[in-house]
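Here's the structure we're looking at; comments come further down.
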Amino acid sequence: MTYEEREALKQEFFSALHCALPGTVVSFNAEKQTAEIRPAVKAGSLTYPVLPDVPVFMPVPFAVNPGDACLVIFADKDTDAFLESGKPEEPPTPRKHDLSDGFALIGWKVGR
């Protein structure tokens, strides 16, 4: 395999891997502590969809408003069973680093 082929394979692999993305809050559900998050980056011609029902980590309660900056971190495995029970569970699907398994960290100032 040539260097160029390896680099192309690496780019293809990493384009499907989601670890963390900056985003902004579209809406916040205080009761469920979840938010709709709009990823704040583009990947070439790809525009990421709004991420629904993202659990929000809030070490100190404060108001969350549309437009607030955040960082969405994507879990290594499917989080559905864990979020349902709160207990260690076998992931129900083989998905990894999927956009539907994000958690939002909110609470810093951007645009300094």
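We did not get these values from a lab; they are worked out from the coordinates using the rules stated. Everything numeric in this text was worked out from a predicted model, so none of it was measured. Every residue, glycine among them, receives a Cβ derived from its backbone with ideal geometry; neighbour counts consider all protein chains shown.
Assorted remarks:
- 5 angstrom amide H check on TYR48, placed H, neighbours 5+ away: ALA43
- For ALA40, the amide hydrogen comes within under 5 Å of the amide hydrogens of GLY23, THR24, counting only partners 5 or more places away or on other chains and with H modelled in the peptide plane.
- FRET efficiency, ASP80 to LEU17 (Cβ-Cβ, R0 30 Å, nearest 0.05): 0.95
- Computed 3J(HN,Hα) for region 7-24, one whole-Hz value per residue from the Karplus formula 6.51 cos²θ - 1.76 cosθ + 1.60 where θ = phi - 60°, is 5, 5, 5, 4, 4, 5, 4, 5, 5, 9, 9, 10, 10, 7, 9, x, x, 10, glycine and proline marked x.
- Residue-wise HN-Hα coupling along region 82-89, computed from phi with Karplus coefficients 6.51, -1.76, 1.60 (Hz; x: Gly, Pro): 4, 5, 6, 9, x, 10, x, 9
- Rounded if a/c under 1.5, otherwise prolate or oblate - the chain, Cα gyration tensor axes: oblate
- Taking a straight line from the alpha carbon of LYS77, these lysines sit under 27 Å away, with near neighbours fewer than eight places off in the same chain left out: LYS10, LYS32, LYS42, LYS87, LYS96.
- Neighbour-count ranking [beta-carbon atoms within 10 angstrom, fewest first] of LEU105, LEU46: LEU46, LEU105
- Residue by residue, region 31-40 carries 3J(HN,Hα) couplings of 5, 8, 6, 10, 9, 8, 10, 9, x, 9 Hz when phi is fed to the Karplus relation 6.51 cos²θ - 1.76 cosθ + 1.60 (θ = phi - 60°); x denotes Gly or Pro.
- Placing unit charges on the Cβ atoms of the charged side chains and taking the dipole of the chain about its Cα centre, the candidate lying farthest along the positive direction among SER100, ALA81, ASN65 is ASN65.
- Expected 222 nm ellipticity per residue - DSSP helices of 4 or more, -39500 (n - 2.57), all of the chain, to 500: -5000 deg cm²/dmol
- Dipole axis of region 18-106 (+1 Lys, Arg; -1 Asp, Glu on Cβ), positive-most option in GLY44, VAL54, THR24: GLY44
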